[in-house]
Amino acid sequence: MNPTAEKAHIIPHRLIFKRPAGTSRGTLHSKDTFFLVLEQDGKKGVGEIALFRGLSAEDRPDFESKLQELQQNISLPFEELINKFKAYSSILFGLETAYRSLHAENPFILYPSRFTQAKDSIPINGLIWMGTKDFMLEQIREKIKSGFRVIKMKIGALDWETEYDILKFIRQQYSGLVLEIRVDANGAFSPDNVMPVLEKLAGLHVHSIEQPIRAGQPEEMARLCEISPVPIALDEELIGFPAGGDKQKFLQNIRPQYIILKPSLHGGFSGTREWMDAAGEAQAGWWITSALESNVGLNAIAQFTYAQGVSVPQGLGTGQLFTNNFDTPLYIDNGHLKFDPDKSFDFPYLQ
């Protein structure tokens, strides 16, 4: 099967944060995204082209001209389009989702499962955004009160000693049996100063650290993965990996303990599956994380994630960060992402 579509509409949308979101790369107030709406034989489907400015490898001046090219070529068979835009991860994600939506009985039920039937759920971590010490502690208390047993804390924006004090305080309040702590450095440290950080994290029984040093230093990262007292998860290291590159060899050279998979940044669902296979060969674990998509993209990622038979907590559920997201059957309950099939998806562009 190599489906086609008659028409494509590309609709820009600016997501507005409820409150500024701090990362080691700066503070985010809004995030631009695009919706790809396809039409065929009176039916419509939608996917999200979730470009992440400043992070996506395809964040280049020619990106919007590529969207016009996609629109002009939409009558090509699906596989030809995938090959044509294989270097544009966010476009692949949007295309794969939109075609699955177009040919589904319900445009928002992309992977029918026990999850979409409300018979099962996905365990997730609670994300703690960077900010003042009081703000971060407030978030942590709220997550634990809401039933989360795994939290992921962004580090690298405050000074390290302040962040360490917060982590130490959390661990004093909640043992490792009660609360799993993951940290995400977004490449904030350097090979010269990262080891004392890793040693302190190990003393707090932190589960893992994402991207302790910036991407593009494979030899240094391989050395760290070998000697670090805390398991290392690759994240930005995978972004922009060449389409058709040898993922298995790449992971076997670095030997990370985990990899973090973001379909909108890592080659869509097809690229994500390739990374999963490569991780299996390299004996690395993985989990899937959303990357500030709207609820359109998050819905697709959540259903895809459940279809992979996951058991460890995933990094999903960021849709509630925005003031102008779309109402969705997805909701969070007691540290799990759930789907209510009796609730409709409020998305105006499919009317």
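The values are calculated or read from the model by the stated rules, or taken from the named source; none is laboratory data. Note that the coordinates shown come from a computational prediction; the quantities given were computed from them, not determined experimentally. Here Cβ is always computed from backbone atoms with ideal geometry, including for glycine, and neighbour counts include all displayed protein chains.
Which pairs do you get when a residue that is outside the structural domain of PRO313 (by TED's automatic domain parsing) and more than 13 Å from LYS249 (Cα to Cα), found in region 273-285, comes within reach of a residue that is of a type in the set (A, V, I, L, M) and part of a helix (DSSP H, G or I), reach meaning Cβ atoms under 8 angstrom, with the pair 6+ apart or on two chains?
none
For the subset of region 118-173 comprising residues that are among the charged types (D, E, K, R) and part of a loop (DSSP other than H, G, I, E, B), which member is nearest to ASN334 (Cα to Cα)? Reasoning before the result, please.
Taking region 118-173 as the starting set, the residues that turn out to be among the charged types (D, E, K, R) are 119-120, 133-134, 138, 141-143, 145, 149, 152, 154, 159, 161, 163, 165, 168, 171.
Those still in the list that are part of a loop (DSSP other than H, G, I, E, B) too: 119-120, 149, 159.
On the way: LYS119: 15, ASP120: 13, ARG149: 9, ASP159: 32 Å.
The extreme case among them is ARG149.
When you check LEU67 against the structure, is it more than 14 Å from SER89 (Cα to Cα) and either of a type in the set (Val, Ile, Thr) or crowded, with 18+ Cβ neighbours inside 10 Å (or both), yes or no?
Working: more than 14 Å from SER89 (Cα to Cα): no; either of a type in the set (Val, Ile, Thr) or crowded, with 18+ Cβ neighbours inside 10 Å (or both): yes.
Here the answer is no, as LEU67 does not meet what is asked.
Return the only residue of ILE140, ILE181, ILE151 being within 23 Å of THR289 (Cβ to Cβ), at pLDDT below 90 and in the same structural domain as TYR258 (by TED's automatic domain parsing). Can you show your working first?
Details: ILE181 fails: at pLDDT below 90; ILE151 fails: at pLDDT below 90.
Testing whether each residue is within 23 Å of THR289 (Cβ to Cβ), at pLDDT below 90 and in the same structural domain as TYR258 (by TED's automatic domain parsing) leaves just ILE140.
Before we move on, is LYS145 touching a residue at least 40 places away in the same chain (Cβ under 8 Å) and out of contact with any His (no Cβ under 8 Å at 6 or more places or on another chain)?
Here the answer is no, as LYS145 does not meet what is asked.
If a residue must be at pLDDT below 95, assigned to a strand (DSSP E or B) and either more than 17 Å from the chain's Cα centre (by Cα) or not β-branched (Val, Ile, Thr) (or both), how many such residues does region 17-35 contain? Please lay out each step first, then the result.
Step one: list which residues in region 17-35 are at pLDDT below 95, which gives 17-32.
The next check asks that each one be assigned to a strand (DSSP E or B); those that pass are 17-23, 26-32.
From what is left, the residues that are either more than 17 Å from the chain's Cα centre (by Cα) or not β-branched (Val, Ile, Thr) (or both) are 17-22, 26-32.
So the answer is 13.
Which one of these does ASP246 not meet: (1) surrounded by fewer than 24 Cβ atoms within 10 Å (Cβ to Cβ); (2) in contact (Cβ under 8 Å) with a residue 24 or more places away in the chain; (3) not basic (Lys, Arg)?
(2)
Among the numbered conditions (1) at pLDDT 95 or above; (2) under 22 Å from THR272 (Cα atoms); (3) not polar (S, T, N, Q), tell me where GLU220 comes up short.
Condition not satisfied by GLU220: (2).
Restricting attention to region 84-112, report how many residues are in a loop (DSSP other than H, G, I, E, B), within 16 Å of PRO242 (Cα to Cα) and among the hydrophobic types (A, V, I, L, M, F, W, C). Steps first, answer last, please.
Step one: of region 84-112, the residues in a loop (DSSP other than H, G, I, E, B) are 85-88, 103-112.
The next check asks that each one be within 16 Å of PRO242 (Cα to Cα); those that pass are 85-88.
Restricting the remaining residues to those that are among the hydrophobic types (A, V, I, L, M, F, W, C) gives 85, 87.
Number of matching residues: 2.
Would you mind finding the one in LEU51, LEU55, LEU95 that is farther than 30 Å from GLY156 by Cα and in contact with a helix residue (DSSP H, G or I) (Cβ under 9 Å, 6 or more places away or on another chain)? Lay out the reasoning, then the answer.
Numbers: LEU51 fails: farther than 30 Å from GLY156 by Cα; LEU55 fails: farther than 30 Å from GLY156 by Cα.
Just a single option satisfies the conditions, and that option is LEU95.
Does ILE288 qualify as being among the aliphatic types (A, V, I, L, M) and either touching a Lys or Arg at 6+ places or on another chain (Cβ under 8 Å) or in a strand (DSSP E or B) (or both)? Let's see the steps before the verdict.
Values: among the aliphatic types (A, V, I, L, M): yes; either touching a Lys or Arg at 6+ places or on another chain (Cβ under 8 Å) or in a strand (DSSP E or B) (or both): yes.
Yes: the conditions hold for ILE288.
Sort out for me the strands (runs of 3 or more DSSP E) sitting completely within region 179-264 that have 3 or more residues that are over 20 Å from GLU281 (Cα atoms).
Output list reads 180-184, 208-210.
For region 69-83, what are the residues that are in a helix (DSSP H, G or I) and either closer than 26 Å to TRP275 by Cα or in contact (Cβ under 8 Å) with a residue 24 or more places away in the chain (or both)? First the steps, then the outcome.
First, the residues of region 69-83 that are in a helix (DSSP H, G or I): 69-72, 78-83.
Those that are in a helix (DSSP H, G or I) and either closer than 26 Å to TRP275 by Cα or in contact (Cβ under 8 Å) with a residue 24 or more places away in the chain (or both): LEU70, GLN71, PHE78, GLU79, GLU80, LEU81, ILE82, ASN83.
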